[in-house]
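Structure provided below as structure tokens; questions to follow.
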Amino acid sequence: MIASLPTDLLGRLEAIVGERGLIVDTREQQPFVNDWRDQWHGRAAAVIRPGNTDEVARVVAVLAQMRVPIVPQGGNTGLCGASIPDTSGSQVVVSLGRMNRVREIDAENNTMTVEAGCVLQNLQEVAQSHGRLFPLSLAAEGSCQIGGNLSTNAGGTGVLRYGNARDLVLGLEVVLPDGRVWHGLRGLRKDNTGYDLKQLFVGAEGTLGIITAAVVKLFPKPNTVVTALVSVDHPAASVALLSRLRAACGDRVTGYELMARTCLDLVVHNIPGSRDPMDQAYPWYVLVELSDIAPEASLETVLQDALEDAAEADLVRDAVLASSEAQRKALWALRENVPEAQKLAGIGIKHDVSVPVSRVPDLIGRAGEALHRRFPDVRIAPFGHVGDGNVHYNCSVPVDREGHPLDACVPEVNHIVYEVVHSLGGSISAEHGLGVLKREEVVRYKSDVEMDLMRTIKRALDPHGIMNPGKVL
């Protein structure tokens, strides 16, 4: 197939990345121009797969000179369309997957210098082999890449203890929209020499430059982990339980995931091998995980004592503690398989929102009441990282009162949920970003000053608007 770029430009690009680094055949481009959920579909003038930072810089410089739009791409596991080109066929995808080296491990500094194309799970394993922990963990960790994780400020299950992706990075190497390279790979925890430039690029979704490498933080590897599935009556009890656990266990609380009973039912009914570990059904569940360097017996006793105290305070109805690694994985599978189970069941309207932890019960209650008033048959299956206020408030509306299909209901459902989130001082995107999906929505909920500041930064770094155009702004 013929790409829309001039032959001489294609020749210049191929001279930089080699034949294996340039894809112009539309059939071969398919994994790079369609998202994994089959939500966004684009066309690319070319897909370029550079092998090192110098090649990225040279490619960007050539494309910038010709004003060719660039779409940076990592593992293409995003949920908001940020890594997919538009349908014009004029944009070039720059995929970082070939840049997958761990450049350095500094165990004494607890840092690791990695290239943007490194798969997250591989980084976890490398850290573990050096007796360290890289705590970023999410469902797509077997295929997502660290450059994309940083570009979207990924969250995941460890945010309560370790923070989001932006909290785990110390330095960056970035190719700017004009092809220059910012060499900011510093492993410093203190550097008070002006603006913290790396934070401009973390969470920018590739609109300000292309992250090519990063220095990330490592932590001591926990010697013991204790996991429990706990049943509670309502979300307010889960928030109160979290306060008690943190008071009793401190930072050893590393995971705290909330699930409605509807979520557990979906997993048990749709995911082979899944089973309810409790003898009876409860309305809500919390998956609790503690980790420490202390002996296992000590940590298990701490958690048991804390849960017994919470039960006496009428916060906990039942609890199941994993007694083996296999049981721990089985409990986590109940939580991690919720998105897949919802997909199989047709739960189709997804929300990645956040509010202050104390307002999570209000979010779930108010949004549910508002949705049921408008759509009496709505199916709601909320779950997520209640420990940091991030709720995946997912639901489906088979038809509305006029008999319109699901797609016709999406804007109104979104508006109902987002209005509740905004009234509670929350955010319409907690960890998935804006991409294309929420680009227009965010204007309603950010102030004019915030939007102006964001546009000013974009113009300053990317005056010709070639870096991931149409995303975020």
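Read-outs throughout are calculated quantities, based only on the coordinates presented, and are distinct from any laboratory measurement. All figures in this text were calculated on a predicted structure; none of them were measured in a lab. Please note: Cβ atoms are built from the backbone with ideal geometry, for glycine as well, and neighbour counts cover all protein chains shown.
Going by alpha carbons, how many degrees (0 to 90, nearest 10) lie between the helix axis of 296-312 and the longest principal axis of the chain?
60 degrees
Here's something else I'd like to know. Name the shape class, rounded, prolate or oblate, that the alpha-carbon gyration tensor gives for region 102-220, where a ≥ b ≥ c are the square roots of its eigenvalues, rounded holds for a/c under 1.5, and otherwise prolate holds if a/b is larger than b/c and oblate otherwise.
Prolate shape, in that a/c is at least 1.5 and a/b is the bigger ratio.
Any idea what angle helix 261-270 forms with the longest principal axis of the chain, computed on alpha-carbon atoms, 0 to 90 degrees, nearest 10?
Helix 261-270 sits roughly 70 degrees off the main axis of the chain.
Apply the a/c threshold of 1.5 to the C-alpha gyration tensor of region 224-339 and tell me whether it is rounded, prolate or oblate.
Verdict is oblate for region 224-339.
In terms of modelled amide H atoms, which long-range or inter-chain residues lie less than 5 Å from the amide H of residue 22?
For residue 22, the qualifying residues are 49.
Which cross-chain or sequence-distant (5 or more) residues have an amide H under 5 Å from the amide H of residue 170, H modelled 1.01 Å from N in plane?
For residue 170, the qualifying residues are 215, 216, 217.
As a check on your grasp of the helix formula, calculate [θ] at 222 nm for the chain: sum -39500 (n - 2.57) over DSSP H runs of n ≥ 4, divide by the residue count, round to the nearest 500.
Calculated mean residue ellipticity at 222 nm is -10500 deg cm²/dmol.
Then there is this: For residue 111, enumerate residues with amide H under 5 Å from its amide H, sequence gap 5+ or separate chain, H modeled in the peptide plane.
Counting only residues 5 or more places away or on other chains, the set is 106, 218.
So which chymotrypsin sites (Phe, Trp or Tyr not before Pro) in region 194-280 pass both tests, a DSSP loop state and at most 12 other Cβ atoms within 10 Å of the Cβ?
Passing sites in region 194-280 are 195.
Separate question: With a bin width of 5 angstrom, please list the P(r) values of region 346-432 as percents of all Cα-Cα pairs, from the 0 bin to the one holding the largest distance.
3, 16, 30, 25, 16, 8, 3, 1
In addition: Could you go through region 91-102 in sequence order and give the Karplus-derived ³J(HN,Hα) for each residue, using 6.51 cos²θ - 1.76 cosθ + 1.60 with θ = phi - 60°, rounded to whole Hz, and x for Gly and Pro?
9, 10, 8, 10, 9, 9, x, 6, 8, 10, 8, 8
Would you calculate the convex hull of the Cα atoms in region 7-95 and tell me its volume per residue in Å³?
That works out to 89 Å³ per residue.
Additional query: Report the relative contact order of the chain, percent, no decimals, based on alpha-carbon pairs under 8 angstrom and at least 6 residues apart.
Relative contact order comes out at 15 percent.
Let me ask you something else. Between residue 457 and residue 261, 0.36 nm times their residue separation minus their Cα-Cα distance comes to what?
66.1 nm
Go through region 272-286 residue by residue and turn each phi into a ³J(HN,Hα) via Karplus (6.51, -1.76, 1.60, θ = phi - 60°); whole Hz please, and just put x for glycine and proline.
Listing the rounded values in order: x, x, 7, 8, 6, x, 10, 6, 9, 7, 10, x, 9, 9, 10 Hz.
Report the Stokes-Einstein translational diffusion coefficient (µm² s⁻¹, integer) for region 28-149, Rh taken as the Kirkwood radius over Cα pairs, at 10 °C with viscosity 1.306 mPa s.
103 µm²/s
Find which of 133, 182, 206 sits farthest along the positive direction of the dipole of region 102-220, computed with +1 on the beta-carbon of Lys and Arg, -1 on that of Asp and Glu, about the Cα centre.
133
Right, here's the next one. Across region 105-113, in residue order, what do the Karplus-derived ³J(HN,Hα) couplings come to in whole Hz, using 6.51 cos²θ - 1.76 cosθ + 1.60 with θ = phi - 60° and x for Gly and Pro?
10, 10, 5, 6, 8, 6, 9, 9, 9
Round to the nearest 10 and give me the degree value, 0 to 90, for the angle of helix 120-129's Cα axis relative to the longest principal axis of the chain.
Roughly 70 degrees, rounded to the nearest 10.
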